[in-house]
Amino acid sequence: MKKSTLLAILLVSGTQGLSAQSLEPRLYSNVPTDLNFLVAGYVYSQGALPGNSVLIDPNLQINSAIFAYAKGLNVMGKSAKVNLVIPSACIDGSALYKGSLAKREVCGVGDIKVGFSLNFFGAPATSLKDFANYTQDTIIGVSLQTTLPTGRYDEEKLVNISANRWAAKLGFGVSKKISNFLIEFAVDAEYFTPNNEFLGKKRQQDIIYATQMHLLYTLPRGIWFGLNANYYTGGENTQENKKLDDALNNARYGATLAFPLSKHHSLKILGSSGIFTRAGTNFDSLGVFWQYRFMDGF
């Protein structure tokens, strides 16, 4: 693989900040062990707020800023990476709740995400110096992402930036390269602790199960384009021992374009929208991310 192609390979997974609803191409790509990545991005979303199923006809505008760091690792001779994502957001809009119009305008820091992925097949740990000799065939990997309840939260409000709970997402993925095409398939399950301060009550969400597929095509000079789709189910909420009948049966699609700007800088543009939605997460999203890569010790 040419080093110029590497410039556009990694943009930190989970940067859309939508947990199981994210479309995350190249989550299981091989990354040189001595490379570090800094990412800054902006995402605009309009529609429903992910994870909130009690609002009717929501029309929310969400402006999100995302800062992230990722590093390639050598774990027992296998390629791995760790990442940290710090989001912030401003939410403005209205919706119907119990027959009344509710409005909300709030800004603040979101829930921090910490992730780890390990490619245990097809992706040996490699330094940047030797990476040009690596050619991908099939990669199989696993991942873990933890969400911390660090964001702004008001227990008296329905719409919040933070989910006010811990979450852990376990994933498994396969990536196959065929000529200039890259085909990826991943499955994951996200577990949640209760939110004990949801309008003064305890609220528990079931596990969300998700699958996602990506078809990527590599162009000259390290540019790549991807078509993305996912499906997710589960996630019914229970409040005060009462099931809310808001289980998910949703699908989304999107597209991604990534290209290098220089030896150390690259840019990614992404967009996504809903295919069908049973509850929540019916929104359109458009984002742009800048990435800077540097070696250990600068």
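We did not get these values from a lab; they are worked out from the coordinates using the rules stated. Given the structure is predicted, the values throughout are model-derived calculations rather than measurements. When we count neighbours, we look across all protein chains shown, and the Cβ atoms used for this are built from the backbone with ideal geometry, even at glycine.
Here are the numbers for the structure shown:
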{"read-out": "Backbone HN-Hα couplings from phi across the stretch 203-209 [Karplus 6.51/-1.76/1.60, Hz, Gly and Pro as x]", "value": "10, 10, 10, 5, 4, 9, 9"}
{"read-out": "Farthest toward positive dipole pole in the chain [+1 Lys/Arg, -1 Asp/Glu at C-beta], among Ser22, Ser127, Thr146", "value": "Ser127"}
{"read-out": "Contour excess over end-to-end distance, with Cα ends at Ala255 and Phe121 and 0.36 nm allotted per residue", "value": "45.5 nm"}
{"read-out": "Dipole moment magnitude, nearest 20 debye, the chain about Cα centre, only Lys, Arg, Asp, Glu C-beta charged", "value": "660"}
{"read-out": "Whole-Hz ³J(HN,Hα) from phi, Karplus 6.51 cos²θ - 1.76 cosθ + 1.60, for the stretch 150-162, glycine and proline x", "value": "9, x, 6, 8, 10, 5, 9, 10, 6, 9, 9, 7, 8"}
{"read-out": "When the chain is reduced to its Cα atoms, the Kirkwood hydrodynamic radius in Å", "value": "19.6"}
{"read-out": "Long-range HN-HN contacts of Glu236 with modeled amide H, under 5 Å", "value": "Asp206, Leu248"}
{"read-out": "Cut-off under 5 Å, modelled amide H: who pairs with Thr33 long-range", "value": "Thr126, Ser127, Leu128"}
{"read-out": "Selected from Pro58, Phe289, Val85, residue furthest toward positive end of dipole (the chain; charges at beta carbon)", "value": "Phe289"}
